[in-house]
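For reference, the structure discussed in these notes is given below.
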Amino acid sequence: MIDIPDFVYAKDPHGNALCPRCRKPVAQCDCPVVEPAKPKPPPIRPNIRLDRSGRKGKVVTLIEALPKDELCLKDLTKALKVKTGSGGTFYVTENTGTIELQGDHKKCAVEYFKEINK
Ligand SMILES: [Zn+2]
């Protein structure tokens with residue numbers, strides 16, 4: 001007969017299941033719950049450039065080649081507006097998303113994406 005290993009929690013003399021880590025009854029255990037590792041989202045590597053064409057000399061920071069995901073773009077735009085303290089908007093074109101920030105925030109935006117892709 002094959003001996004099947006018993007994966008059930010060990011029990012204390014009173015029949016309570018014991019935590020495999022701290023050996024306390026599970027009801028009294030306060031070990032942190034280990035969450036299963038979430039798959040890391042693919043890094044966002046946008047094309048960040050300044051543009052002043054057709055804007056009466058006003059410069060805007062364009063963040064292009066973003067995922068075409070309105071919720072994601074909304075969050076990113078909000079975060080970038082807070083980070084730069086400037087106005088901004090986003091729009092979805094055929095296959096990608098674009099964020100437009102008022103002013104020259106290229107450096108700031110590059111840093112921001114470096115940070116969130118860590
Ligand atoms: Zn425990």
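The values are calculated or read from the model by the stated rules, or taken from the named source; none is laboratory data. Predicted model only: the values in this text are computed from it and were never measured. Here the Cβ positions follow ideal geometry from the backbone for every residue, glycine too, while neighbour counts run over all protein chains shown.
For this structure, a couple of remarks:
- Region 25-45: number of residues that are over 15 Å from the mean Cα position of the chain (by Cα) and surrounded by 13 or more Cβ atoms within 10 Å (Cβ to Cβ): 3
- Considering each residue of region 23-40 in turn, at least one proves to be within 16 Å of the ligand (Cβ to nearest atom), under 30 Å from Ala10 (Cβ atoms) and of a type in the set (Lys, Arg).
- Selected residue (only one of Leu80, Leu71, Leu50 is touching a residue at least 24 places away in the same chain (Cβ under 8 Å), within 19 Å of Ile116 (Cα to Cα) and either more than 16 Å from the ligand (Cβ to nearest atom) or assigned by TED's automatic domain parsing to the domain that holds Gly103 (or both)): Leu80
- The number of residues in region 92-107 being part of a loop (DSSP other than H, G, I, E, B), at pLDDT 95 or above and either of a type in the set (S, T, N, Q) or touching a helix residue (DSSP H, G or I) at 6+ places or on another chain (Cβ under 6 Å) (or both) comes to 1.
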